[in-house]
Amino acid sequence: MKKLEIRIAKKEDASRLLEIYAPYVKTTPITFEYEVPSLEEFQTRIETISESYPYLVAVVEGEIAGYAYATAFKSRAAYQWAVETSIYLDGNFHGKGIARALYEKLEAILKRQNIYTLSACITNPNNQSISFHEKSGYLTVAHFHKCGFKLGQWRDVVWMEKTLQDHPAIPEPMIPFSDISCDFQ
């Protein structure tokens, strides 16, 4: 594979990230969004998520090939050590190890933030994503039937989970990404 760089997403990346994300919204049930977000909305998402969690882009030969990020699993304080992960690749870059590299970097940062549990919500069927997550150490922990409706069909989702690191008896507080991001520039 050509040279791969993984870096922190910037507001200026939003246009390219939208190009990658739009086909998922318009033609697949992979995301349950019905409408492609506006550029401004996507810029706001990048900025808001980046305050607390990593939002990363993979760049191959100067072109953004995909992105991955983490968000809060739930908003209550007791959930601060758990996140939901998301990843999207440009269709031309599947099967080249980019997703794995993005997740490895994401996980390294999340460990530094005192995150212990990763969750992924995946539309089912989506064998490619389920297989990728299994190879990344995730296990299926729930299967919800017909809980979303997209593209004229009821859709199932599976939740997959990975323990990122051992859970201490008393955890240190989660460290916001904005407090450690300088280490990953």
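The values are calculated or read from the model by the stated rules, or taken from the named source; none is laboratory data. From a predicted model like this one, the values you see are computed outputs, not experimental measurements. Because the Cβ atoms are built from the backbone with ideal geometry, glycine has one as well, and the counts that use them run over all protein chains shown. For the accessible areas, the whole protein counts, side chains as well, though only heavy atoms, and no ligand, DNA or RNA atoms are used. Shrake-Rupley method; radii C 1.70, N 1.55, O 1.52, S 1.80 Å.
A compact table of results
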{"quantity": "Global form of the chain, assessed from the alpha-carbon gyration tensor, a/c cut-off 1.5", "calculated": "rounded"}
{"quantity": "GNM flexibility winner over the chain from 75, 50, 15 (Cα, springs under 10 Å)", "calculated": "75"}
{"quantity": "Surface share of carbon and sulfur [accessible, 1.4 angstrom probe, percent] for the stretch 2-41", "calculated": "54"}
{"quantity": "Under the span-like rule (Cα at least 18 Å along the axis, Kyte-Doolittle mean at least -1.0), DSSP H helices of the chain", "calculated": "14-27, 39-52, 98-112"}
{"quantity": "The stretch 122-185 - accessible surface per residue (Å², probe 1.4 Å)", "calculated": "65"}
{"quantity": "Nearest-10 value in Å² for the accessible area of residue 154, using the 1.4 Å probe", "calculated": "150"}
{"quantity": "Amide hydrogen neighbours beyond the local backbone of residue 175, cut-off 5 Å, H modeled", "calculated": "114"}
{"quantity": "Dipole moment magnitude, nearest 20 debye, the stretch 1-91 about Cα centre, only Lys, Arg, Asp, Glu C-beta charged", "calculated": "300"}
{"quantity": "Dipole of the chain, positive direction: furthest Cα of 158, 31, 171, with charges on the beta-carbon", "calculated": "158"}
{"quantity": "Neighbourhood charge, 13 Å Cβ-Cβ cut-off, centred on residue 22 and excluding it, Lys, Arg +1 and Asp, Glu -1", "calculated": "-3"}
{"quantity": "Cβ charges +1 (Lys, Arg) and -1 (Asp, Glu), total dipole of the stretch 70-149, debye", "calculated": "140"}
{"quantity": "Cβ-based charge dipole, the stretch 61-116, positive-most Cα from 82, 103, 70", "calculated": "82"}
{"quantity": "Accessible solvent surface per residue of the stretch 5-93, calculated while the other protein chains remain in place, 1.4 angstrom probe, Å²", "calculated": "49"}
{"quantity": "Efficiency of FRET from Cβ geometry, residue 178 and residue 94, R₀ 25 Å, rounded to 0.05", "calculated": "0.20"}
{"quantity": "Net charge of Cβ neighbours under 13 Å - reference residue 84; Lys, Arg +1; Asp, Glu -1", "calculated": "+1"}
{"quantity": "Long pairs among 26/111; 26/96; 10/105; 111/150; 2/74, criterion Cα-Cα beyond 28 Å", "calculated": "26/111; 111/150; 2/74"}
